[in-house]
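Reviewing the structure listed below.
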Amino acid sequence: MKAIGFLKCHPADHPEALLDLDIPAPSAPEGHDMLVEVRAVSVNPVDTKRRRSEEPKDGPRVLGFDAAGTVRAVGPACTLFRPGDEVFYAGVVNRAGSNAEFQLVDERIVGHKPRSLSFAEAASLPLTTITAWEGLHDRLGVHEGAGAGEALLVIGGAGGVGSMVIQVARQRTALTVVATASRPETAQWCRDLGAHHVVDHKGDIAAQLKALGVKPRYVFSTNTTARNWDQIVACVAPQGAIVLIESQAPIDARQLMPKSVSLHWELMFTRPMFGTPDMIEQHRLLDAVADLVDHGRIRHTMTRNLGRMDAARLREAHGLVESGTMIGKVVLEGF
């Protein structure tokens, strides 16, 4: 089957950063696995980080997490899907990725594709949606309908995860949502997704929040946490909670002690990577989001479609993600 992978770590613009491959197709699915024909994928920062830092030792590595496609075969333990179903999912870090014509994936982390979306549009959603949902509901503990009179600060509101945090918070909670953005176009994107307020993360975040009369009980930091850490500590309410999804530089968690603020990590790969007893929650949340999409309450975040999947276009997509200026998600579809 056709696939895209890498043999050595290179910058995204290097001609061998990603290569067109012809590799064996997956074997017949067993257990809870399904064989999915991949119709579209999107690129996330985790793709680019692994390409830059994890040189394969046993042949080419196929990356890719977000995917939308069609089920072609199911394992004997499968009960949620059947061949022909259209699905979307985010995969897991310790299995072969979605940058291939076919992929084996556990049905318990797969959702039914929103009927109202194309494969390309649906592929923009899974990883960021799971991260936003788990971070908000499972880590911060803000449950459906809760949060009246309280505020959530979203650091990096126009990125892939931030875009979904804004939407999930607005559609499933009563929180006041404040997003950060530094350009007119990213600020407008956040407002269009439902943010009540937008502040500039290149300025004094705490001072801007004070001017708005907002003291966030919750903070969802999607990027550059270390750079913004002092501002986060200054603005979070006493007995509040912070969730982080990246750890590229150290932070001093001891600064949270005077306010008794709790600190949480969110990695959406945890459930499938460790086979936790509740990993089926990812199937359930993706189905719930698909329903919200089909009822017009949540929208996809695809902003760039680079067309058919090949190594050159995927290198371009990686470069866009690495630029740090992307609004929403970049997608490729079809081989």
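General observations
- Scan of the range 151-185 for residues that are open to solvent by 50 Å² or more (accessible area, probe 1.4 Å) and either under 14 Å from the mean Cα position of the chain (by Cα) or of a type in the set (Asp, Glu) (or both), ordered by number: GLU185
- LYS202, sole failed condition from (1) within 21 Å of HIS264 (Cβ to Cβ); (2) in a loop (DSSP other than H, G, I, E, B); (3) modelled with pLDDT under 95: (1)
- Within the range 233-251, tally of residues that are surrounded by fewer than 13 Cβ atoms within 10 Å (Cβ to Cβ) and either in contact with a strand residue (DSSP E or B) (Cβ under 8 Å, 6 or more places away or on another chain) or modelled with pLDDT under 95 (or both): 4
Each row is one residue, and each column tells you yes or no for (1) among the aliphatic types (A, V, I, L, M); (2) modelled with pLDDT of 95 or more.
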{"site": "TRP265", "(1), (2)": "no, yes"}
{"site": "ALA290", "(1), (2)": "yes, yes"}
{"site": "ASP294", "(1), (2)": "no, yes"}
{"site": "MET302", "(1), (2)": "yes, yes"}
{"site": "ASN305", "(1), (2)": "no, yes"}
{"site": "ARG313", "(1), (2)": "no, yes"}
{"site": "ALA317", "(1), (2)": "yes, yes"}
{"site": "SER323", "(1), (2)": "no, no"}
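- Those strands (runs of 3 or more DSSP E) lying entirely in the range 78-125 with at least 2 residues open to solvent by 10 Å² or more (accessible area, probe 1.4 Å) and of a type outside the set (Ser, Thr, Tyr): 102-106
- With respect to (1) open to solvent by 10 Å² or more (accessible area, probe 1.4 Å); (2) farther than 19 Å from SER118 by Cα; (3) in contact (Cβ under 8 Å) with a residue 12 or more places away in the chain; (4) touching a helix residue (DSSP H, G or I) at 6+ places or on another chain (Cβ under 9 Å), the lone exception for LEU320 is condition (4).
- The listed residue being in a loop (DSSP other than H, G, I, E, B) and out of contact with any strand residue (DSSP E or B) (no Cβ under 8 Å at 6 or more places or on another chain), out of ALA146, ALA158: ALA146
- Among the residues of the range 82-91, some residue qualifies, meaning at least one is in contact (Cβ under 8 Å) with a residue 60 or more places away in the chain, closer than 24 Å to TRP133 by Cα and of a type in the set (Phe, Trp, Tyr).
- Cross-chain or 6+ apart pairs with Cβ under 8 Å, the range 272-288 first and farther than 16 Å from GLY31 by Cβ and open to solvent by less than 20 Å² (accessible area, probe 1.4 Å), then assigned to a helix (DSSP H, G or I) and of a type in the set (Ser, Thr, Tyr): LEU285/THR129; LEU286/THR129
- The residues of the range 43-77 that are open to solvent by less than 30 Å² (accessible area, probe 1.4 Å) and among the hydroxyl-bearing types (Ser, Thr, Tyr), listed by number, are THR48, THR70.
The values are calculated or read from the model by the stated rules, or taken from the named source; none is laboratory data. Just so it is clear, the structure is predicted and the values come from calculations on it, not from any experiment. With ideal geometry, Cβ positions are generated from the backbone for all residues, glycine too; neighbour counts draw on all protein chains shown. The protein model used for the area step is the full one, side chains on, heavy atoms only, and it has no ligands, DNA or RNA in it. Shrake-Rupley method; radii C 1.70, N 1.55, O 1.52, S 1.80 Å.
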